[in-house]
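Visitor: Structure below; questions to follow.
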Amino acid sequence: SCECHSGYVMDKTSFRCIESPQCSKEMRTTCSHLCHLNTNSNEENCACPQDLYLLDDKVTCVVSLYPHGIDAIDNVPFGKDIKITKDSGIIMFSSLMPFGNRLQTEARIYYNGAVLFGRKNILGIPNLKAALAGKLNLLAPFWTEKAAFNIGKVYTHVYEECEPSVFLESDSENTMSPRKEEVFSRVAKDITEFYRLPGFEPTAVIVTTWESTRPKGCPRSFTNTFQAVIVSGHAPLTDTNYWEVEEHTYVIFIYKEGNGICKPGQPFEVGITSSNDVPQVITFEVDKNDPKLSEVKGNTGNKGMVTYHVGSDLSASIMCQRYVCKHAYLISNRRYQSQIEELYKCPCTMRTGFQWDLLKDEGDLKCYAINAATKSRLLAHNQRNRICCYLNETFIRTGHNLISDPWPWSALSVNPRAYQDAQDNMQARSLCCDKSSVTLCKRFRTIFGNPECSKNPILIQNQFLLVILLLQHWTIIHMK
């Protein structure tokens, strides 16, 4: 049966969760969000929606932190709470995040409340204007002077829709976590709500948590706990908008506890610098002498929570990443691998048999694929195909295994989109291997191969295949 969160009841007509109407008007006014009436004891209590928690005052709901720490299997880049190193070192992630004037794949985490993309470094007193002048792509949820010794912990976790281990890559900081589904679900909900993007689909999330850390010069009892959540993703994808939807990056700052600084005049910065074509700095306006970030109502409508849009992109690399991630499951799909193995091997010379048809002719460069007649007669249950390419009649390894047949007249009943899928597959190969990085091309090849040629290939010489093919062409022409 369906259940509602605390503070909600099931509406018997619409079968939706609605705010409980049973509390008194006074309590509904007192509570910051919801009120719950215990029908057994007739006791009224304030309650919070999902992802918010109730403060000690028992009336105010504030945003809870995203999952972090040991139970999320987070990385602890600074080790034990002893002498603090200047930063975490380079943290790698395999998903491309649009931020600043480039697609980011690495960052540094700083103990004193900052995240810096790229391989540069930050030094000295916190200063967003100086960071902007240095063309730094910097996130500063609460950037303070670095203490020589400190307490507390810094946790970070890279969550990615496409696990890099699928592509046999080991340089990403992505680690498996039992909280991944929870993190992705909450990110989708938050971005959908804050930016009015129904169905937002996360690609990657980096959650960094500063737990009970303190600024330079403050007593050990004076600590702050806050979080930076970096999200890249896009609106829902369909077969018709697949190559048109931009990838966006957002950042969410959450402040759980602490007054920020322990004495007036301590230097700190809260904001973002971005090295776009027109460099920009975004600041979160707070009292410089008494910031109390957990009490400030940000642009989300929640206390201690603020969010910004920091980048977007629709380059070849983003489209390639999207395509290979969608099809990564084929790497371990036995049926797919079996069908690929069943296909005819590419001849090492252009002396092809009757099973091959010219697919692309660019002068000296010619590419062939297994024709529809051969597929229908000899590989009837195999929906895959193979491209073999030749430059000046010499085999070159630019072909690949096709996800489906590339012939307009060979659509299978099990896949009416076979022809369009093949066109998308060939476009993805060009995006990944002609217009993107070696890493992305390697991921594409991991799924769709990079066929070798055979010096002794099977060459079908029987003319009956040619007759069948001509009949099929005749039928197509006369049906138009």
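Visitor: Going by average Cβ density within 10 Å per residue, which order do the peptides 372-380, 359-367 take, highest to lowest?
Guide: Descending mean neighbour count gives 372-380, 359-367.
Visitor: Further question: Mind checking the angle between helix 464-479 and the chain's longest principal axis? C-alpha axes, 0 to 90 degrees, to the nearest 10.
Guide: 70 degrees
Visitor: With every protein chain kept in place and ligands, DNA and RNA left out, what is the accessible area per residue of region 124-283? Probe 1.4 Å, answer in Å².
Guide: Result: 42 Å² per residue.
Visitor: Within the accessible area of region 70-314, what % is carbon and sulfur when the probe is 1.4 Å and the other protein chains stay in place?
Guide: 52 percent
Visitor: Once you charge only the Cβ atoms, +1 for Lys and Arg and -1 for Asp and Glu, what is the size of the charge dipole of the chain about its Cα centre, to the nearest 20 debye?
Guide: 1020 debye
Visitor: For Lys366, go through the aspartates and glutamates and keep the ones whose alpha-carbon is under 13 Å away, minus same-chain ones fewer than eight residues off.
Guide: Straight-distance partners of Lys366: Asp357, Glu393.
Visitor: Keeping every protein chain present and rolling a 1.4 Å probe, give me the accessible area per residue for region 332-465 in Å².
Guide: 50 Å²
Visitor: Taking the alpha-carbon centroid of each part, what is the distance from region 174-246 to region 95-146 in angstrom?
Guide: 17 Å
Visitor: Between Asp277 and Glu246, what is 0.36 nm times their sequence separation minus the Cα-Cα distance? Round to one decimal in nm.
Guide: 9.3 nm
Visitor: For region 329-405, which whole-number percentage of the solvent-accessible area (1.4 Å probe, protein heavy atoms only) is attributable to carbon and sulfur atoms?
Guide: After summing per-atom areas, the C and S share lands at 46 percent.
Visitor: Which of the cysteines in the chain are isolated, no other cysteine C-beta under 4.7 Å?
Guide: Lone cysteines by the Cβ rule: Cys2.
Visitor: Per DSSP H run of at least 4 residues, take -39500 (n - 2.57); add these up for the chain, divide by its residues and hand me the 222 nm value, nearest 500 deg cm²/dmol.
Guide: The helix contribution divided over the chain gives -6000 deg cm²/dmol.
Visitor: With only Lys, Arg, Asp and Glu charged, each at its Cβ (+1 for the first two, -1 for the last two), find how big the charge dipole of region 8-61 is about the Cα centre; round to the nearest 20 debye.
Guide: 240 debye
Visitor: To continue, here is another question. Accessible area per residue for region 8-61 in Å², computed with a 1.4 Å probe and the full protein assembly in place, what is it?
Guide: Using a 1.4 Å probe on heavy atoms only, each residue of region 8-61 averages 70 Å².
Visitor: Right, another one. Could you list, in their original order, any pairs among Lys326/Lys360; Lys153/Lys326; Lys180/Lys292; Lys180/Lys263 whose Cα atoms are separated by more than 28 Å?
Guide: Lys153/Lys326; Lys180/Lys292; Lys180/Lys263
Visitor: Which residue, Leu37, Cys17, Pro49, has the largest displacement toward the positive end of the dipole of region 8-61 when charges sit on each Cβ (Lys, Arg +1; Asp, Glu -1)?
Guide: Result: Cys17, furthest along the dipole toward the positive end.
Visitor: For Ser165 and Asn382, calculate 0.36 nm times their separation in residues minus their Cα-Cα distance, and state this gained length in nm to one decimal.
Guide: So the extension gain works out to 75.3 nm.
Visitor: Packing-wise, with mean Cβ within 10 Å as the measure, how do 178-189, 244-255 rank, highest first?
Guide: Output ranking for 178-189, 244-255: 244-255, 178-189.
Visitor: Angle check, please: helix 316-326 long axis (alpha carbons) against the longest principal axis of the chain (alpha carbons), in degrees 0 to 90, nearest 10.
Guide: 90 degrees
Visitor: Of Val229, Cys346, Ser274, which is farthest towards the positive pole of the chain's charge dipole, taken about the Cα centre with +1 and -1 on the beta-carbons of Lys, Arg and Asp, Glu respectively?
Guide: Cys346
Visitor: What percentage of the solvent-accessible surface of region 8-61, computed with a 1.4 Å probe over protein heavy atoms, is contributed by carbon and sulfur atoms?
Guide: 48 percent
Visitor: Now a separate question. Pull out the extension gain between Ser24 and Asp361, defined as 0.36 nm times the separation in residues minus the alpha carbon to alpha carbon distance; nm, one decimal.
Guide: Using 0.36 nm per residue and subtracting the Cα-Cα distance, I get 113.5 nm.
The values are calculated or read from the model by the stated rules, or taken from the named source; none is laboratory data. Treat the numbers as computed from the prediction; the structure is a model and nothing was measured. Every residue, glycine among them, receives a Cβ derived from its backbone with ideal geometry; neighbour counts consider all protein chains shown. Areas reflect the complete protein model, heavy atoms only, side chains present, ligands, DNA and RNA absent. Shrake-Rupley method; radii C 1.70, N 1.55, O 1.52, S 1.80 Å.
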